[in-house]
Amino acid sequence: MTNFDDFLKEELKDPEFRAEYEALEPEFSVMQAMIEARRETGLTQKELSERTGISQGDISKLERGNGNPSLRTLQRLAAGLGRTLKIEFVP
């Protein structure tokens, strides 16, 4: 039995799978950044909810990738985390 990293490594050998996986990278990056920022500040989802007025359930959905946050929502989350939102277009 292999672990997930081994499984993913094997699946990424398939060009079609790799293309789909890479297409999701921006969403994964946003989710990971949200989770890391919240953990670095030591806040629970409930505490972040209280700071931002965004429901804890919605924060959970966003962190799991089950939502499509607006720019305004991301700004509210950043403010609640004491952070600044930065979006870039890179070559």
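The values are calculated or read from the model by the stated rules, or taken from the named source; none is laboratory data. Here the structure is a predicted model, which is why all the values come from computation and not from measurement. Here Cβ is always computed from backbone atoms with ideal geometry, including for glycine, and neighbour counts include all displayed protein chains. Heads up: the accessible areas ignore ligands, DNA and RNA and are worked out on the full protein's heavy atoms, side chains in. Shrake-Rupley method; radii C 1.70, N 1.55, O 1.52, S 1.80 Å.
Within segment 5-24, the set of residues being of a type outside the set (A, V, I, L, M, F, W, C) and either in contact with an Asp or Glu (Cβ under 6 Å, 6 or more places away or on another chain) or open to solvent by 70 Å² or more (accessible area, probe 1.4 Å) (or both) comprises D5, D6, K9, E10, K13, D14, P15, E16, R18, E20, Y21, E22.
Within the set E40, E27, the sole residue that is open to solvent by 50 Å² or more (accessible area, probe 1.4 Å), at pLDDT 95 or above and not in a loop (DSSP other than H, G, I, E, B) turns out to be E40. Do we find that S49 is open to solvent by less than 90 Å² (accessible area, probe 1.4 Å), of a type in the set (G, A, S), assigned to a helix (DSSP H, G or I) and at pLDDT 95 or above in this structure? Yes: the conditions hold for S49. Within segment 54-87, the residues that satisfy the criterion of being farther than 14 Å from A33 by Cα, open to solvent by 60 Å² or more (accessible area, probe 1.4 Å) and assigned to a loop (DSSP other than H, G, I, E, B) are N66, N68.
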